[in-house]
Structures are given as structure tokens and as C-alpha cells.
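K.L.:
Submitted below is the structure of interest, expressed as C-alpha cells.
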């Protein structure tokens, strides 16, 4: 079959081939095999989980930023301050996936030692979804809260009633251990939708909801003043506290500032008793009669694909814009493009 993308329809690919392709691309721009594999796993997992806005459509962006010298895929995070339970890290322009993976591991390690920890990361590139880092900690019995700003850049969100964008999408995530995976994980932009979701819908030819965008086609905060207030909180915690830039009239470098707070459940309560109580209240909340046409209540995180689903060779459908972009970077990097299924 021809590898040219149909101009109007999605194209089917093997998830395993897409993962292998991503590894080759990230290695071609300087990432280690381990880091390239980590990136590939999470981009493909986002597709399988139903979050294509943070899946393969991001790969050309990450490759392009590396080739332009905006990121350094071979860089490692470094510790700038360490007072035990509190750490400040410099991402050294590493991709955010790698920087936050390592920061989360450190946050969990220090939470196990001190009961609670806080780790800031400045000067990393964007990390995509925060959910994988919350899941990583929850598997260790650790609660997490994550706040991420965009270093004052990419101002695409309007204040309530405003005509000029003043904020970025400023995501917040939280992870709570359950008795077993999938854990309770929330990961959301403080805008009506994530910018990646907005661009994905546009790439797919969908009509953008007026509930999402306001003046000039810019994003609205979710929930009006509530989302706006949370976005400001992210500027203070993920931005200012990490030493990153915050929104202003100055031109800021595109980067990410992050705060990770981690709590070791076992140092406050028996972990099994805690997770049993979590299971109890989730089961109670879900046990409700539903309005006609509504699906059953689903707790945050329950749509996460299982390890078996992720290990299988799934069929992934990519829209024409993403497909064309992948073929373009394959040619640019001189790596084999994934075969159309």
C-alpha cells in the first residue's frame, strides 16, 4: 500500500511499528535508547488511551525543537538545591518526559524518606500528559500533586471576559493510589480544553465549540473564574516557585516550570486501610441510577489502558495532518517510515 496519506481519511498503523519509529526518530536527534523508548511508549500509550492530542502528533514537534536546538534530548536534569524533603532541579533543556520522569522518581524517593517531598523543575521542555508521572508514584503508594506552567510563553488563554490571552493552559494533575491499577488520576488543563486537543480537532476538520474559545479564537478558562483562579495558582507554584518565568509582557523562552508534591501514604495511614477506604467511596459514588442515555459513572483514571492492552499490537488511526508530518520527519531524519496497515 502507498505510504501517502489520504487527504480526507485517517490512516491505520501498527502501534508496535509506531513505537519503533518513535524510538528511531528520538535516537536520531540524540536521545539514548532508554529515553527514546520511554518517549515512544508514552506517545503510543496516549493514542491507545484515547488522547491523540498528546500522542504521535507531538513527535514532529519534539523532533523539530531538538533539530532547532531548543531542546537537548541527551541532557540530564541536575540538582540545584537539596534540603532533604525539598529539591530544586534544572532540566537543562531536556524533553519534559525525561525530566519529569526523573523528578517524580526523586519525589517518591524523598517522600519515602521524609513522609512528604516537593520537587521543582525549571528549564525543561514540555512533558505532554502528567498522568503517567502520577501513575508512576501511585504504584509506589505515593499521592502526587503536579502543577506546570509554560515559563510565561504560549499565552493562549483569555481571562474571563478578556479580549487578549494572558495565560497558558497551565495543567494540574493528581494521583491517588488505589488497591490496584488503574489508580485514581486526574490530569487537566485549566483552559476549557488543552491546546493540543484544540489543534487536534482543527487538524481533523472538526468544528470548534464556542464553549472552548472566545475572542480571536483563543481558549477560555474552564469553569470561568474557577479555572482562571487555578491557572494563576499554577503560575505561582509551577512557575514562580520553580524559578521559571511567569506570564508578563516580556517575551519568554518556550519551556516548562513544574512543581511536584509527593506524600507517602504509609507514613500517615496503613496503605491497605487507606486504599480500601478509597475503593469504598469510589464504589459508593459510582452506584447511582443514571439519566436516560448516560453511560455508567467512571472514576478518574479508569479509562487508562491495561498493561495487556499496551503490550498488544493495536491498530492506531492517525489523521492526515499527523500522518503527513510523520512521513516528513522520516524523510528528514532518514529513518524508515511506519508502514500503513
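Read-outs throughout are calculated quantities, based only on the coordinates presented, and are distinct from any laboratory measurement. Source: prediction; values computed, not measured. Please note: Cβ atoms are built from the backbone with ideal geometry, for glycine as well, and neighbour counts cover all protein chains shown.
K.L.:
Let me have the relative contact order for the chain, percent, based on Cα pairs under 8 Å that are six or more residues apart.
P.N.:
24 percent
K.L.:
Rounded to the nearest whole Å³, what is the per residue volume of the convex hull around the Cα atoms of the chain?
P.N.:
So the per-residue Cα hull volume is 149 Å³.
K.L.:
What ranking do 208, 44 get, fewest neighbouring Cβ atoms within 10 angstrom at the top?
P.N.:
On the way: 208 13, 44 24.
By the 10 Å Cβ count, ascending: 208, 44.
K.L.:
Running a GNM on the chain with Cα contacts under 10 Å, which residue among 283, 236, 266 ends up with the highest mean-square fluctuation?
P.N.:
283
K.L.:
What ranking, highest mean first, results for peptides 24-32, 185-193 when packing means the other Cβ atoms within 10 Å averaged over each residue? Kindly include the intermediate steps, with their values, before the conclusion.
P.N.:
Numbers: 24-32: 20.3, 185-193: 23.1.
Top of the packing list down: 185-193, 24-32.
K.L.:
Compare the peptides 144-156, 160-172, 295-307 by average per-residue count of other Cβ atoms within 10 angstrom and give them in order, highest first.
P.N.:
In decreasing order of mean packing, 144-156, 160-172, 295-307 become 144-156, 160-172, 295-307.
K.L.:
So how far, in whole Å, is the C-alpha centre of the stretch 137-171 from the one of the stretch 63-94?
P.N.:
If we compute the Cα centre of each part, the gap is 19 Å.
K.L.:
For residue 283 and residue 33, what is the calculated FRET efficiency with R₀ set at 35 Å and r taken between the beta-carbons, to the nearest 0.05? If you can, show how the numbers build up before the last one.
P.N.:
Numbers: r = 42 Å, r/R0 = 1.21.
Taking R0 as 35 Å, the efficiency between residue 283 and residue 33 is 0.25.
K.L.:
So what's the back-of-envelope 222 nm ellipticity for the chain, counting only DSSP H runs of four-plus at -39500 (n - 2.57) apiece and dividing by all residues, rounded to 500? Numbers along the way, then the final one.
P.N.:
Numbers: 10 runs with 120 residues, N = 341.
Taken over the chain, the calculation gives -11000 deg cm²/dmol.
K.L.:
Normalised by the residues of the stretch 221-341, what does the relative contact order come to in percent, with Cα pairs under 8 Å and at least six apart? Intermediate values should be presented prior to the final figure.
P.N.:
Values: 41 pairs, mean separation 12.2, N = 121.
With pairs under 8 Å counted, the relative contact order is 10 percent.
K.L.:
Cα centroid distance between the stretch 206-231 and the stretch 261-307, in Å?
P.N.:
Distance between centres, Cα-based: 28 Å.
K.L.:
Run a plain Debye calculation on the stretch 83-273 (Cα atoms as equal point scatterers, no solvent) and give log10 I(q)/I(0) at q = 0.15 Å⁻¹, rounded to two decimals, same order as the q list.
P.N.:
-0.86
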